[in-house]
Amino acid sequence: MNITFIGGGNMASALISGLLQQGFAAEQLQVVEINAESREKLKLEFGVWATHDLADGIAKSDVVLLSVKPQQLYELAQELAPLLRDQLMISIAAGIRASDIMRWLGDYGRVVRAMPSTPSLVRLGVTGLYATSSVNEQDRRNAESILAAVGSTLWVEEEEMLHAVTAISGSGPAYVFYFIESMQQAGIELGLTPIQARQLSLQTFVGASKLASMSDEDVVTLRARVSSKGGTTELAIQAMEESDIKCKIMAAIHAASVRSHEMSDEFGRK
Ligand SMILES: NC(=O)C1=CN([C@@H]2O[C@H](COP(=O)(O)OP(=O)(O)OC[C@H]3O[C@@H](n4cnc5c(N)ncnc54)[C@H](O)[C@@H]3O)[C@@H](O)[C@H]2O)C=CC1
Ligand SMILES: O=C(O)[C@@H]1CCC=N1
């Protein structure tokens, strides 16, 4: 399977890196990227072929993965439409409906939407997938196998659910990094070196996630196991509850989902 990425930025790089680690050959991956510096970086870092020419870039591909920013997709689709040879199209753009992409590509049927995440770089991504009814079983399997190479996948039956996927796991790594940042900063304030604070914070996330994913117990129970009566954790959690942090985090995630809806409406008018 030959895959052409159109747009060779952050998310495409994460996917390319994961696919190469999974055993894809560099020769199976091509990139169309308008920025010369980014093209050089992709060639150096991954050994993949990168071009600015759209027609050349998709000439031998079986799958075209649309990895430009949502704001760049409409224009790209106009250019792409006359060049397509009925390849499977996978869009990772946040908030742009499959029906709009299909329309922009001139009533193109083979469109799958995917919402991956940057941990794909280390093959620990998670991707929500959605296919319209015009996508056949083989195309579904191919799309899934590409994203499964860089982490786990799940299908949503309703496209609307991709807003939730975007708000939880697409944007989610940023929330986790923010929490890690806060822990590191507190650790340094408490006298640890930056290296020590980093090691303790990161390993806490890795360990707690692994524990939660391997345990039969829910996270509320696991949290209770850390909290001794009258101890340190109880006090820290109490301080978080008093500042209503959980509600604020949930409100932030709702805001991400609202933004995703808004983007769908904005682009749907094009
Ligand atoms: N960064 C993330 O964590 C995630 C991003 N996404 C989606 O992935 C897409 C890409 O996001 P990023 O990689 O973060 O953006 P980015 O800005 O890093 O990458 C986009 C790349 O596309 C290139 N480009 C723009 N127009 C082009 C064209 N006409 N032809 C060829 N190349 C072109 C740009 O030069 C840039 O290198 C977005 O649609 C975003 O919604 C989805 C899930 C997670
Ligand atoms: O922030 C964004 O719009 C994209 C979608 C999910 C992660 N990054």
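The values are calculated or read from the model by the stated rules, or taken from the named source; none is laboratory data. Since the model is a prediction, treat every value here as computed from it, not as a measurement. Neighbour counts run over all protein chains shown; Cβ positions are idealised from the backbone, glycine included.
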Pairs, first touching a residue at least 24 places away in the same chain (Cβ under 8 Å) and among the aromatic types (Phe, Trp, Tyr) in the stretch 61-80, second part of a loop (DSSP other than H, G, I, E, B) and more than 8 Å from ligand 1 (Cβ to nearest atom), C-beta under 7 Å, six or more apart: TYR74/LYS270
Under 7 Å by Cβ, and 6 or more places apart or on different chains, what pairs join a residue from the stretch 164-182 that is among the hydrophobic types (A, V, I, L, M, F, W, C) with one that is outside any helix (DSSP H, G or I) and near ligand 1 (Cβ under 9 Å from one of its atoms)? VAL165/MET115
Taking the condition of being surrounded by 24 or more Cβ atoms within 10 Å (Cβ to Cβ) and either touching a Gly at 6+ places or on another chain (Cβ under 6 Å) or assigned to a loop (DSSP other than H, G, I, E, B) (or both), how many residues in the stretch 100-119 meet it? 3
For the structure I just gave you, tell me whether GLU144 is more than 16 Å from ligand 1 (Cβ to nearest atom), outside the structural domain of ARG85 (by TED's automatic domain parsing), acidic (Asp, Glu) and not in a loop (DSSP other than H, G, I, E, B). no
Given the criteria aromatic (Phe, Trp, Tyr) and touching a strand residue (DSSP E or B) at 6+ places or on another chain (Cβ under 7 Å), does TYR74 qualify? no
Being more than 21 Å from the chain's Cα centre (by Cα) and β-branched (Val, Ile, Thr) is the filter; apply it to the stretch 216-270 and report the residue that is surrounded by the fewest Cβ atoms within 10 Å (Cβ to Cβ). VAL220
If you go through the stretch 37-60 one residue at a time, do you hit one that is more than 16 Å from ligand 2 (Cβ to nearest atom), more than 27 Å from MET161 (Cβ to Cβ), hydroxyl-bearing (Ser, Thr, Tyr) and within 17 Å of the chain's Cα centre (by Cα)? no
Is there any pair linking a residue in the stretch 94-106 that is within 18 Å of ALA164 (Cα to Cα) to one that is assigned to a loop (DSSP other than H, G, I, E, B) and away from ligand 2 (no atom under 16 Å from the Cβ), with Cβ under 6 Å and at least six apart or on different chains, and which? ALA98/THR132
